[in-house]
């Protein structure tokens, strides 16, 4: 049996990756464009940015391999089914 968050080859599923991207975009759609540094502040050096990126990937990269709890998978499936029914009803409505 394949894991709900992985495809048959064991790689993270595209839908899981898509969900993660969608959550980030939905939670902070304009964050990058509206974030401002205080005047006089300095940018992080490329070395510090690289180190931070590496540390964050090490800390959070393993989460993609964690199993999605079965109740959450079931909830997502029910929501997707309801969304499909709603879309179909809208398309067939006069």
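Values in this text are rule-based calculations from the coordinates and carry no lab data. Everything numeric in this text was worked out from a predicted model, so none of it was measured.
Would you kindly state how much longer the chain becomes between residue 54 and residue 80 on full extension, computed as 0.36 nm times their sequence separation minus their alpha carbon distance, in nm to one decimal?
Details: separation 26, 0.36 × 26 = 9.36 nm, distance 3.47 nm.
In short, 5.9 nm is gained.
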Gain in span if fully extended, residue 42 to residue 88, counting 0.36 nm per residue against the direct Cα distance: 11.3 nm
